[in-house]
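J.: Sharing a structure with you now.
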Amino acid sequence: MMAIIERIPALLRERPFRRYWTGQTVSFVGDQISLMALPLTAVLILGADAAEMGWLKTAELLPALLLNLPLGAWADRQARRRRAMIAADFARAVLILTLPVAYLLDALTLGQLYAVAFGIGALTVLFEVCNATLFVAMVPAERYVQANSLVNGSRSMAWLAGPGIGGVLVQVLTAPLALVADALTYLVSAGYLARIRPVEPPPAPVEKGHFVQGLRWVVRNPSMRALFAASGTVQFFNYMFHTLFVLYATAELGLSAGVLGAVLAAGAVGGLIGAACSGPVVRAIGIGPSLVTGFVGFTLPLLLIPLAGGPLPLVLGLLFVAEFLSCAGVMVADIAAGSFQMALIPDAIRARVMGAFRTLNHGFRPLGALAGGVLGTALGLRPTLWVATAGAVLAVLWVLPSPLARLRELPEREQEQGPVPAKA
């Protein structure tokens, strides 16, 4: 029995982090169900075309562009960010439940789908800017890589289980009713958050320049600038890709919801392997080279997706390989990037920096989604996917000449020089 306990990662033997990790894991599974069910609701129930799929994805992602800065500034002034996260979970559950209710009443429209997608996106922004501070309140700096590996490993497990569960639920219940499962996962996440009591950093005082302090910090730090440029490029082209992928897989390749779920689940196996290997990779080659390796490993295999064609076994083989390798790469990149940011950003401006970074970074997502819808209509699905995958590969060119590419160890946390002093 003791031998089994000793094999459990040290952080998971600590009750507060275990509860946090469990809530995140369940919520990740729900996110993957919605990732299948929302676009399939648009395509199969409401007959959405490429342009309307672009508008749906844009509505989901636009809050990242509009709200990360103001909500990040708000979160840094709060003493109890955890309560805001719990409220966001409850509100997301209520919003997502309006879709199956409207479907049962034969009142579901694309307009409602757009509105719910926007609302969920806004609440997710609130959750995530608060989550960055909650994370460092529970995890010591020397365990950032391990903690990020565990959280991203959960995300990979969700990628493995979620699409398969989502595909089955869509086929058995229809796409709108499958969304009930996602609502339940938000409630589970809220329940686990309510059971932890971390000591959160004190709220930052409101000083001149408070609102834009995080943005200025990102812009003046050369490593963060490089990470932003590379991540923004990937986000733009990756969301151009994801906006059309479900439509491409179902309309051009003829895959059913169940087969599509299996393809995505197979990719999640690669994600699990990437998460498990990220710690040894970082220790072996350093945090910066790991980030470069992750960027290349994430983007390059996706070129196989628009290449897919011919007999069904060949198509499925290319999709499986692309998803497997890409998901492994993105885990290494995410864990390295997340640990680097957690170590570097001062506590007093953490939510504002993450809000600024997510505005600059995730703000490219709705632009990519909109571009995907426009180009998909003008050029066709496969040519647009070629543009999207090739563009994403070039993102690594931002990182290669930067100091970040040569960084071996996690950096020391900066002491903020601006209007808001860093927490000692």
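The values are calculated or read from the model by the stated rules, or taken from the named source; none is laboratory data. As the structure is a computational prediction, the values presented were derived from the model and not from experiment. Cβ sites come from the backbone with ideal geometry, for glycine too, and all protein chains shown count toward neighbours. Quick note on the areas: whole protein, heavy atoms, side chains included, nothing else; ligands and nucleic acids left out. Shrake-Rupley method; radii C 1.70, N 1.55, O 1.52, S 1.80 Å.
J.: Quick one: angle between helix 287-299 and the longest Cα principal axis of the chain, in degrees between 0 and 90, rounded to 10, please.
T.: Around 10 degrees separate the two axes.
J.: Could you work out how much longer the chain between VAL172 and ARG80 gets when fully extended? Use 0.36 nm per residue separation minus the Cα distance between them, nm to one decimal.
T.: 29.0 nm
J.: Quick check on the chain: take the gyration tensor over C-alpha atoms, sort the square-rooted eigenvalues as a ≥ b ≥ c, and tell me if it's rounded (a/c under 1.5), prolate or oblate.
T.: Details: a/c = 1.44, a/b = 1.31, b/c = 1.10.
Since a/c stays below 1.5, the shape of the chain is classed as rounded.
J.: How big is the accessible area of PHE324 in square angstrom, nearest 10, if you roll a 1.4 angstrom probe over the protein chains?
T.: Taking all protein chains as shown, PHE324 has close to 70 Å².
J.: Can you give the net charge of the other residues whose Cβ lies under 14 Å from the Cβ of ALA388, counting K and R as +1 and D and E as -1?
T.: +3
J.: In percent, how large is the relative contact order of the chain, given Cα pairs closer than 8 Å and 6 or more residues apart? Don't skip to the answer; put the middle values down first.
T.: On the way: 781 pairs, mean separation 120.0, N = 424.
Once normalised by length, the contact order is 28 percent.
J.: Let me ask another. Kindly state, as a whole number, the per residue volume in cubic angstrom of the convex hull around the alpha carbon atoms of the stretch 49-173.
T.: Numbers: hull volume 17.3 nm³, N = 125.
Enclosed volume per residue, from the Cα hull, is 138 Å³.
J.: Now for a different question. Tell me, in nm to one decimal, what length is gained between LEU187 and GLN112 on full extension, where the rule is 0.36 nm per residue of separation less the Cα-Cα distance?
T.: Extra length from LEU187 to GLN112 when fully extended: 24.8 nm.
J.: Using amide H atoms built in the peptide plane, which far-off residues or other-chain residues are under 5 Å from GLY286 H to H?
T.: Under 5 Å from the amide H of GLY286 lies no amide H from a residue far enough along the sequence or on another chain.
J.: From largest accessible area down, sort HIS362, HIS242; use a 1.4 Å probe on the protein chains.
T.: On the way: HIS362 25, HIS242 80 Å².
Listed by decreasing accessible area, they come as HIS242, HIS362.
J.: Then there is this: Taking just the alpha-carbon atoms of the stretch 275-382, what radius of gyration and Dmax come out, in angstrom?
T.: According to the Cα coordinates of the stretch 275-382, Rg and Dmax are 17.5, 56 Å.
J.: While we're here: To test your reading of the geometry: what angle, between 0 and 90 degrees and rounded to tens, separates the Cα axis of helix 50-76 from the longest principal axis of the chain?
T.: Roughly 10 degrees between the two axes.
J.: Among TRP55, TRP74, TRP217, TRP21, what's the order by accessible area (1.4 angstrom probe), most exposed first?
T.: TRP55, TRP74, TRP21, TRP217
J.: For SER27, tell me the accessible area in Å² from a 1.4 Å probe, rounded to the nearest 10.
T.: Answer for SER27: close to 10 Å² accessible.
J.: Not counting ligands, DNA or RNA, and with a 1.4 Å probe, what is PHE320's accessible surface area in Å² rounded to the nearest 10?
T.: 70 Å²
J.: Restricted to Cα positions, what overall size does the stretch 184-320 have along the principal axes? Three whole-Å values, descending.
T.: Largest to smallest, the principal-axis extents are 62, 39, 33 Å.
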